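Worksheet: one structure, shown below.
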Amino acid sequence: MIGLLNAYHFDTTPGSYQEKYEPIFLDYLKKILPDHEIKTYQVAQNEFPKSTNECEGWIVSGSPASAYDNDEWINRLMEFIQDCHKAKTKLVGICFGHQIIAQALGGKVENSKKGWGIGVRDFKIDQTTTWMTPELNKNCALLFSHQDQVMKLPEGATLLGGDDFCRIQMYSIGNHIFSLQGHPEFTREYAKERYDTRIEKLGEDCYTKGVASLNNKTDELIVGKWIQHFFNQN
């Protein structure tokens, strides 16, 4: 069983856009992890596993929150991440998950002065791991939606990919942590809906370029294969 730590849904108002995220993520996980049962925990509402071995591995989702916020659930999530790391329990981080794993383990996350990274973006693969299949050996393209960035890797982390806009896009720690800034789970429709609500924050030029890029090819199924192999290997 794989546990999805949903850090996206902290506004419990009915009809919130945050409610749409979990079904999208679960659809993606059914495609890439067909042999695994998925159990969801609403960590942004303080619903946490009793222990790190309640599931065989964990995925920390994206979130509108920031890893450096001082909310109770964020501090509690960082403690859970630290416990997973000590136990070498398998852990995947996506966007906010990527950032909070770094923050929890001694790295550094900041609001980037470069602004928002949205739309389909390519980044260079610097190094591969045993679970990264060879279809992509130079570049990877995913959907993005972030302004915070990991600025400093945790101790013992290996940089796997990045670009000039965001140097730390993908990293690993040993064989038990795999972390991505991009959103392989996003659909184009959901990404466009999120960008539409943030035009003022994004700025017209960033929004226009980001939406135009949604026609570009993405590699979420290949990345999904990496995640599958990551969880399946010893």
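The values are calculated or read from the model by the stated rules, or taken from the named source; none is laboratory data. Keep in mind that what you see is a predicted model, and the values were worked out from it rather than measured. So basically every Cβ, Gly included, is an ideal-geometry build from the backbone, and we count neighbours across all protein chains shown. Ligands, DNA and RNA are excluded from the accessible area calculation, which covers all protein heavy atoms including side chains. Shrake-Rupley method; radii C 1.70, N 1.55, O 1.52, S 1.80 Å.
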For this session: Give the residue that is most open to solvent (accessible area, probe 1.4 Å), with candidates limited to residues of segment 185-228 that are among the small types (Gly, Ala, Ser) and assigned to a helix (DSSP H, G or I).
Result: Ala212
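Does segment 56-65 contain any residue that is of a type outside the set (Asp, Glu), in contact with a Lys or Arg (Cβ under 8 Å, 6 or more places away or on another chain), buried (at least 17 other Cβ atoms within 10 Å of the Cβ) and in contact (Cβ under 8 Å) with a residue 24 or more places away in the chain?
yes
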Seminar exercise, completed: With criteria (1) touching a Ser or Thr at 6+ places or on another chain (Cβ under 8 Å); (2) farther than 25 Å from Gln228 by Cα; (3) free of Cβ contacts under 8 Å to residues at least 60 places away in the same chain; (4) surrounded by 16 or more Cβ atoms within 10 Å (Cβ to Cβ), Gln45 comes up short on (4)
For this session: Considering each residue of segment 10-42, count those that are at positive phi and either at pLDDT 95 or above or surrounded by 16 or more Cβ atoms within 10 Å (Cβ to Cβ) (or both), and give that number.
Result: 0
For this session: Please indicate, with yes or no, whether at least one residue in segment 185-196 is at pLDDT below 95 and at positive phi.
Result: no
Exercise. Does segment 149-182 hold any residues that are among the small types (Gly, Ala, Ser) and either open to solvent by 10 Å² or more (accessible area, probe 1.4 Å) or not in a strand (DSSP E or B) (or both), and which are they?
Worked result: Gly156, Ala157, Gly174, Gly182
Exercise. Taking strands (runs of 3 or more DSSP E) that fall entirely within segment 1-99, which contain at least 3 residues that are closer than 22 Å to Glu189 by Cα?
Worked result: none
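Does Phe231 meet the test of being in contact (Cβ under 8 Å) with a residue 24 or more places away in the chain, touching a Gly at 6+ places or on another chain (Cβ under 7 Å), in a loop (DSSP other than H, G, I, E, B) and open to solvent by 10 Å² or more (accessible area, probe 1.4 Å)?
The answer is no for Phe231.
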Problem set entry | Qualifying residue in segment 83-98 (condition: among the aromatic types (Phe, Trp, Tyr), closer than 19 Å to His183 by Cα and open to solvent by less than 10 Å² (accessible area, probe 1.4 Å)) | yes
Exercise. List, please: which pairs have Cβ atoms under 6 Å, are six or more places apart or on different chains, and start with a residue in segment 99-127 that is within 18 Å of Gly62 (Cβ to Cβ) and of a type in the set (Gly, Ala, Ser) and end with one that is open to solvent by 10 Å² or more (accessible area, probe 1.4 Å) and part of a helix (DSSP H, G or I)?
Worked result: Ala104/Met78; Ala104/Gln82; Gly119/Ser213
Seminar exercise, completed: Listed by first then second residue, the pairs whose first member lies in segment 73-93 and is among the β-branched types (Val, Ile, Thr), whose partner is outside any helix (DSSP H, G or I), with beta carbons under 6 Å and at least 6 positions apart or on separate chains, are Val92/Ile59; Val92/Phe178
